[in-house]
Amino acid sequence: MTVDLDAIAHNVGVLQQHAGDAMVMAVVKGDAYGHGLVPSARAALRGGARWLGVAQLQEALALRSAGVTAPLLSWLHAPGVDFARAIEADIDLGVPAVWEIDAIAAAARETGRVARVQLKVDTGLARNGAFGPDWPMLVQAAQRHVADGTLKVTGVFTHFAFADVPHHPTVQAQQVRFADAVRDCERAGFDLEVRHMSNSAATLTTPKAAWDMVRPGLAVYGLSPVPDIGGSSRFGLIPAMTMSANVTVTKRVPIGQGVSYSHTYVTPRETTLVDVPCGYADGVPRAASSKGPVLIGGRRFTVSGRVCMDQFVVDVGDLPVQAGDDVVLFGNGADGGPTAQDWAEVTDTISYEIVTRTSSRLPRIYLGDTNER
Ligand SMILES: *Cc1c(COP(=O)(O)O)cnc(C)c1O
């Protein structure tokens with residue numbers, strides 16, 4: 001697989017234009033949506049991102065270990081997480097619950113440092129975040145710990161349920177609830193640095209929700225979060241990941257030859273088959289059996305029969321193909337080749353899953369400026 005770091009930097013620039021005066025936090029959770037955590041984070045910072053966002057503390061600590069010093073927010077923690085390490089590594093912690101803010105305050109006392117927390121309010125997604133009466137209880141708990149000198153509340157944030165449907169009534173309703181939550185924080189006397197709610201879809205389609213910062217993930221990697229409204233090119237985004245492999249063997253087979261496990265594909269005439277050495281262990285969905293589009297020799301073909309763990313087969317007709325030839329599963333689409341969005345459509349999922357599920361077994365080759373700064 002190749003990852004175009006210049007595309008990531010470019011995409012952050014596109015998102016910054018949509019964000020106006022607000023800062024961009026590039027979300028690099030899930031190994032930067034499969035693109036590789038540290039190189040992708042550095043490319044996003046080079047493109048102008050001011051913050052980085054992750055779900056898990058181990059991701060934030062990996063960035064710090066790699067020498068990344070940018071402001072970092074981690075927002076999904078289960079009981080037992082080592083908050084002391086997070087505080088020592090100067091990581092902002094997203095907090096949805098009283099148990100967690102109490103645990104962070106205890107860890108802060110242990111380390112002798114003031115923890116930085118951002119309160120997460122549930123304004124209607126009904127997922128992670130303080131909902132209903134839990135919200136004022138979280139604000140009160142935060143106030144107590146701030147008064148003790150163990151915590152600083154640096155921000156407040158929430159997450160949309162329907163940002164990809166900009167006219168959905170919840171998009172407006174969540175903004176109203178968020179404004180109320182911001183007011184609750186101001187009344188509590190918190191000296192907020194950042195107030196934020198927009199993911200990629202909201203950044204691109206609901207600019208008035210930008211507040212002080214936007215939190216795009218998918219669009220940083222050049223994929224459209226709103227394919228029904230517009231693909232990547234409509235927003236000037238460049239997909240960064242190209243997944244390709246080299247043909248291992250080719251063979252000429254007669255009409256009526258069943259192909260791959262269970263022979264779900266049968267050759268309609270004498271033809272050439274090529275074997276492609278990536279499969280579901282690499283993140284190629286098995287659901288793409290007889291559906292996944294590929295580009296070989298500048299022409300589009302479809303996976304023939306079952307995707308196996310390590311390989312799949314393509315019927316290329318009479319195209320002259322040799323061992324070693326390039327097979328592109330998806331890329332930036334500029335050459336007429338398939339995209340991650342195309343793979344998402346044929347497997348009934350979203351492009352997020354297609355790129356994120358790619359396995360660490362695949363070598364990632366980085367293109368573009370890889371300089372550290
Ligand atoms: C994953 C995530 C994002 C980024 O979402 P995209 O749709 O990829 O832009 C932003 N905020 C939170 C809380 C997230 O979990």
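Relative to the longest principal Cα axis of the chain, at what angle does helix 169-187 sit, 0 to 90 degrees, rounded to 10?
30
Using a Förster radius of 25 Å, what is the FRET efficiency between Ser233 and Arg300 based on their Cβ-Cβ separation? Nearest 0.05, please. Don't jump to the answer; show the numbers that get you there.
Numbers: r = 18 Å, r/R0 = 0.73.
According to the calculation, E is roughly 0.85.
Please list, by residue number, everything in the range 268-287 whose backbone N is under 15 Å from a paramagnetic label point 7 Å out along Cα→Cβ of Lys251.
Answer for this model: 270-277.
Just to be sure I understand: of the beta bridges DSSP finds with both ends in the range 28-139, what percent are antiparallel, rounded to 5?
Within the range 28-139, antiparallel bridges account for around 0 percent of the total.
Can you give the FRET efficiency for Asp348 and Asp326, using 1/(1 + (r/R0)^6), R0 = 22 Å, r = Cβ-Cβ distance, to the nearest 0.05?
The calculated FRET efficiency here is 0.20.
Mind checking the full-extension length gain between Leu125 and Glu110? Use 0.36 nm per residue of separation minus the Cα-Cα distance, one decimal, nm. Show your work: numbers first, answer last.
Numbers: separation 15, 0.36 × 15 = 5.40 nm, distance 3.42 nm.
That pair, Leu125 and Glu110, stretches by 2.0 nm at full extension.
Quick one: with all protein chains in place, what share of the accessible area of the range 214-352 is carbon or sulfur, to the nearest percent (1.4 Å probe)?
50
Taking θ as phi - 60°, what are the ³J(HN,Hα) couplings along the range 293-301 by the Karplus curve (6.51, -1.76, 1.60), each to the nearest whole Hz, with x for Gly and Pro?
x, 9, 10, 10, x, x, 10, 8, 9
Would you mind checking which residues have amide H under 5 Å from Ser198's amide H? H placed 1.01 Å from N; only 5 or more apart, or other chain.
Arg215
Along the range 95-108, what does the Karplus equation 6.51 cos²θ - 1.76 cosθ + 1.60 (θ = phi - 60°) give for ³J(HN,Hα), rounded to whole Hz, x for Gly and Pro?
10, x, 8, 5, 4, 6, 5, 5, 5, 5, 4, 5, 5, 5
With a sphere of radius 13 Å drawn around the Cβ of Ala97, what net charge do the other residues whose Cβ falls strictly inside it have (Lys, Arg +1; Asp, Glu -1)? Intermediate results must be reported in sequence, preceding the final value.
Details: positive: Lys120, Arg127; negative: Glu100, Asp102, Asp122, Asp134.
Net local charge, Ala97 excluded: -2.
Among 96-104, 358-366, how do they line up by average Cβ neighbours within 10 Å per residue, starting with the highest?
Answer by packing, highest mean first, reads 96-104, 358-366.
Please list the non-local residues whose amide H lies under 5 Å from the amide H of Gly317, H modeled 1.01 Å from N, same-chain partners needing a gap of 5 or more.
Thr272
What accessible area per residue, rounded to a whole number of Å², is obtained for the chain using a probe radius of 1.4 Å? Numbers along the way, then the final one.
On the way: 15700 Å² over 373 residues.
I get 42 Å² per residue for the chain.
Would you pull out the residues with amide H under 5 Å of Tyr366's amide H, same chain only if 5 or more places away, H placed 1.01 Å from N?
Residues meeting the amide H criterion: Val3.
So for the pair Asp180, Arg144, with labels modelled 7 Å out along Cα→Cβ, what separation do we get in nm?
Computed distance between label sites Asp180 and Arg144 equals 2.4 nm.
Does the range 2-220 come out rounded, prolate or oblate by the C-alpha gyration tensor, with a ≥ b ≥ c the root eigenvalues, rounded set by a/c under 1.5 and, if not, prolate when a/b is larger than b/c and oblate if not?
Values: a/c = 1.94, a/b = 1.17, b/c = 1.66.
Judged from the Cα gyration tensor, the range 2-220 comes out oblate (a/c at least 1.5, b/c at or above a/b).
Hey, any idea what % of the range 49-166's accessible area is carbon plus sulfur with a 1.4 Å probe?
53
Given springs between every Cα pair under 10 Å in a Gaussian network model of the chain, which of Asp318, Asp21, Asp134 has the largest fluctuation?
Evaluated over the chain, the most mobile residue of the options is Asp318.
Which order do Glu186, Glu59 take when ranked by solvent-accessible area (1.4 Å probe, heavy atoms of all protein chains), largest first?
Heavy-atom accessible area, descending, gives Glu186, Glu59.
Using a 1.4 angstrom probe on the protein heavy atoms only, could you order Thr205, Thr158 from most to least accessible area?
So, going from the largest accessible area down, we get Thr205, Thr158.
Roughly speaking, what is the stretch gain from Arg187 to Asp369, that is 0.36 nm per residue apart minus the C-alpha to C-alpha distance, in nm to one decimal?
61.0 nm
Viscosity 1.567 mPa s, temperature 4 °C: what is the translational diffusion coefficient of the chain from Stokes-Einstein with a Kirkwood Rh over Cα pairs, rounded to a whole number of µm²/s?
58
Where the only charges are on Cβ atoms (+1 Lys, Arg; -1 Asp, Glu), what is the dipole of the range 2-220 about its Cα centre, to the nearest 20 debye?
Dipole about the Cα centre, nearest 20: 140 debye.
Please give the length that would be gained between Arg269 and Asp318 if that part of the chain were fully extended, namely 0.36 nm times their separation in residues minus their C-alpha to C-alpha distance (nm, one decimal).
Full-extension gain reported as 16.6 nm.
Quick one: Cα centre-to-centre distance for the range 138-210 and the range 39-84, in angstrom?
20
Need one value: the accessible area of Thr349 in square angstrom, 1.4 angstrom probe, rounded to the nearest 10.
40
The values are calculated or read from the model by the stated rules, or taken from the named source; none is laboratory data. Source: prediction; values computed, not measured. Glycine also receives a Cβ, built like all others from the backbone with ideal geometry; neighbour counts cover every protein chain displayed. Surface areas here come from the heavy atoms of the whole protein model, side chains and all, with no ligands, DNA or RNA. Shrake-Rupley method; radii C 1.70, N 1.55, O 1.52, S 1.80 Å.
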